[in-house]
1. Picking from A:Asp323, A:Asp394, which residue would you name as being of a type in the set (Asp, Glu), at pLDDT below 95 and open to solvent by 10 Å² or more (accessible area, probe 1.4 Å)?
2. Please go through the stretch A:326-346 and give me each residue that is surrounded by 14 or more Cβ atoms within 10 Å (Cβ to Cβ) and over 21 Å from A:Gly293 (Cα atoms), ordered by number.
3. Considering only residues that are more than 7 Å from chain A (Cβ to nearest Cβ) and of a type in the set (Val, Ile, Thr), which ones fall in the stretch B:69-104?
4. Pull up the stretch A:39-59, narrow it to residues that are under 21 Å from A:Ala359 (Cβ atoms), open to solvent by less than 30 Å² (accessible area, probe 1.4 Å) and among the hydrophobic types (A, V, I, L, M, F, W, C), then point me to the one that is modelled with the lowest pLDDT.
5. Among the residues of the stretch A:77-86, is there at least one that is within 16 Å of ligand 1 (Cβ to nearest atom), assigned to a loop (DSSP other than H, G, I, E, B) and in contact with an Asp or Glu (Cβ under 7 Å, 6 or more places away or on another chain)?
6. Among the residues of the stretch A:354-397, write down those that are within 16 Å of ligand 1 (Cβ to nearest atom), part of a helix (DSSP H, G or I) and more than 10 Å from every other protein chain (Cβ to nearest Cβ).
7. Just checking, does the stretch A:73-94 include any residue being of a type outside the set (Asp, Glu) and more than 30 Å from A:Gly122 (Cα to Cα)?
8. Of all residues in the stretch B:35-73, which are touching a His at 6+ places or on another chain (Cβ under 9 Å) and assigned to a loop (DSSP other than H, G, I, E, B)?
Amino acid sequence: MRLIEGVMYRNYAPKDGTDPDRITFVQVDADKCQACGACEEVCATGAIQSINDDEIHQVVDPVACMNCGQCLTNCPYGAIYEGVSFVDELFEKLKDPDTIVVSMPAPSVRYGLGECFGAATGTYVGGKMHAALRKLGFNYIWDTEFAADVTIMEEGTELIDRVKEQGEKDARPLPQFTSCCPGWIKFAETFYPDLMPNLSSCKSPIGMLGPLAKTYGAKETDTNPKKIYTVSIMPCIAKKYEGIRPELTDSGFSDIDATINTRELAYMIKKAGIDFNNLPDQDPDPVLGESTGAATIFGNSGGVMEAALRLAYEVLSGEKLNDPNIKVVRTHEGIKTADINVPNFGVVKVAIASGLKNAAKICDEVRAGKSPYHFIEIMTCPGGCVNGGGQPLDPEIQASLFRSTVAQINRRFRARKIKA
Amino acid sequence: MKMKRRSFLKACGVMTGYAVLSVNIASEAFAAAMSFVASRQKSVYAADANPKIYKFRKSQNNPMITKIYNKDGGFLHDGPCGHKSHELLHTEYIDRSAKLSALKAKGYKLNF
Ligand code: SF4
Ligand code: SF4
């Protein structure tokens, strides 16, 4: 175990072929748990429960846990640790001259990483992040944002195809659900498997960049794909689960070799003695690195929807979308719905759900055949990936929850005294 | 029982610390926690709208996207959702509900 940016991590990098359903990515340290129940309140599935009379909590079984880490970031006592960390393996690979290490950072990492180096919440540090990755020794600075643009092309096209084929024999069903969020995907597979035909068949952006790196990227850079080691850098814990899904081997190799999160990247930068704040801004390597605003907004709830609409609008109407801001789909929490008027086509009905409790409401509606929507975006973490379980902790949450917790414990303790 | 008493004492200690450090925190705390996510979100939309950071705002305008989907010799020349895309970029899902039923059969109560 070691402490990384306020969170304990086990040094454990699962080998290829390990069943991800048997790994605990998130677990409670029973010695540190103070029985406050805050984790249980934020967990949508009920995977984290009290296991004894002292109300010590545990994730009861990895099958019920979506690996979102919302319990971890909301535990006021720092009692919850991460069960998987590729940091040591990655340091080894970066040292090995025979391994071509490829970086694949998600959009949200660049809006959280700076906080670990004293910047204000949300400060954009994309340029410095790319420079830091180069300094750490990554051979190619490729970026998951490029794959987010690919995702829009694929998922937007899939949506348009699905709309067109309605009424035909063997038409794929509507609504189409987004498939970028690994917590949501596991949730659908576990609790709503009957809705799997509604999930977009598109892999997530990182699920696309892995195989593109070892095929297209290898070709463009004249690299032996066998030597490529792809590193997914995410604001998320559930992406560690996605990274070892055994079916993600379409490049002919394991598509994603390692997954770390924002906190672990900050740790590695500090450990390597890099002066982050004084780094110059640098661009990624272009082939699999260049990206657009549509890609960066994937980090917010409503972002994938807005990015997809920027494409669908132009394809369906044949006209240029003059103002790319589609503010009606931007979401902070809860469920948001909107009707988008597309000229020469009609109305596109969309919904956006933030958090799995809201996702369940939407799923029940689809299951009952009562959903009027064409396209539904779901994010496991309230607000989206910027608030992911692998992002730097909110210093206020620990402090504020701590205070309400103290009040709660006070109450319980007093109640017991009266009884006794 | 022992654990709870211990946590009570520990919590009291921390509480005193907070009381010394700052006054009037309780009301501000909730607002601050909410604004934390909002400030990251705001920064995302600001970057999206900043031409110095992102020259283009639509995926279809990314020159590297045009290149990879180019009909003449692009890596994904048969277009989005084409043959090569299906091979590399699309996937299938796995029904995990049996594992859930097995867990419930052991007596665990879950929310769904
Ligand atoms: S939030 Fe932390 S201290 Fe509270 S019950 Fe859960 S693990 Fe224990
Ligand atoms: S990681 Fe998410 S699903 Fe798993 S116990 Fe924590 S809050 Fe619940």
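1. On the way: A:Asp323 fails: at pLDDT below 95.
Every option except A:Asp394 fails the conditions.
2. From the stretch A:326-346, those surrounded by 14 or more Cβ atoms within 10 Å (Cβ to Cβ) are A:326, A:328-338, A:340, A:342, A:345; that's our starting set.
Matches in the stretch A:326-346: A:Glu333, A:Gly334, A:Ile335, A:Lys336, A:Thr337, A:Ala338, A:Val342, A:Phe345.
3. none
4. Here is the first cut: in the stretch A:39-59, the ones under 21 Å from A:Ala359 (Cβ atoms) are A:39-49, A:59.
Among the residues that remain, those that are also open to solvent by less than 30 Å² (accessible area, probe 1.4 Å) are: A:39, A:43-48, A:59.
Filter once more, so that each one left must be among the hydrophobic types (A, V, I, L, M, F, W, C): A:39, A:43-44, A:47-48, A:59.
On the way: A:Cys39: 94, A:Cys43: 97, A:Ala44: 97, A:Ala47: 98, A:Ile48: 98, A:Val59: 98.
The qualifying residue modelled with the lowest pLDDT is A:Cys39.
5. Just the residues of the stretch A:77-86 that are within 16 Å of ligand 1 (Cβ to nearest atom), to begin with: A:77-83.
Next, from what is left, pick out any that are assigned to a loop (DSSP other than H, G, I, E, B): A:77-79, A:83.
Restricting the remaining residues to those that are in contact with an Asp or Glu (Cβ under 7 Å, 6 or more places away or on another chain) gives A:79.
Taking every residue of the stretch A:77-86 in turn, at least one turns out to be within 16 Å of ligand 1 (Cβ to nearest atom), assigned to a loop (DSSP other than H, G, I, E, B) and in contact with an Asp or Glu (Cβ under 7 Å, 6 or more places away or on another chain).
6. Answer for the stretch A:354-397, where residues must be within 16 Å of ligand 1 (Cβ to nearest atom), part of a helix (DSSP H, G or I) and more than 10 Å from every other protein chain (Cβ to nearest Cβ): there is none.
7. Going through the stretch A:73-94, the residues of a type outside the set (Asp, Glu) turn out to be A:73-81, A:83-87, A:90-91, A:93-94.
Filter once more, so that each one left must be more than 30 Å from A:Gly122 (Cα to Cα): A:93.
Yes, some residue in the stretch A:73-94 is of a type outside the set (Asp, Glu) and more than 30 Å from A:Gly122 (Cα to Cα).
8. Result: B:Tyr69, B:Asn70, B:Lys71.
The values are calculated or read from the model by the stated rules, or taken from the named source; none is laboratory data. The structure presented is a predicted model; accordingly, all values stated were derived computationally and were not measured. Reconstructed Cβ throughout: ideal geometry from the backbone, glycine too, with neighbour counts over all protein chains shown. The area values use the complete protein model at the heavy-atom level, side chains included, leaving out ligands, DNA and RNA. Shrake-Rupley method; radii C 1.70, N 1.55, O 1.52, S 1.80 Å.
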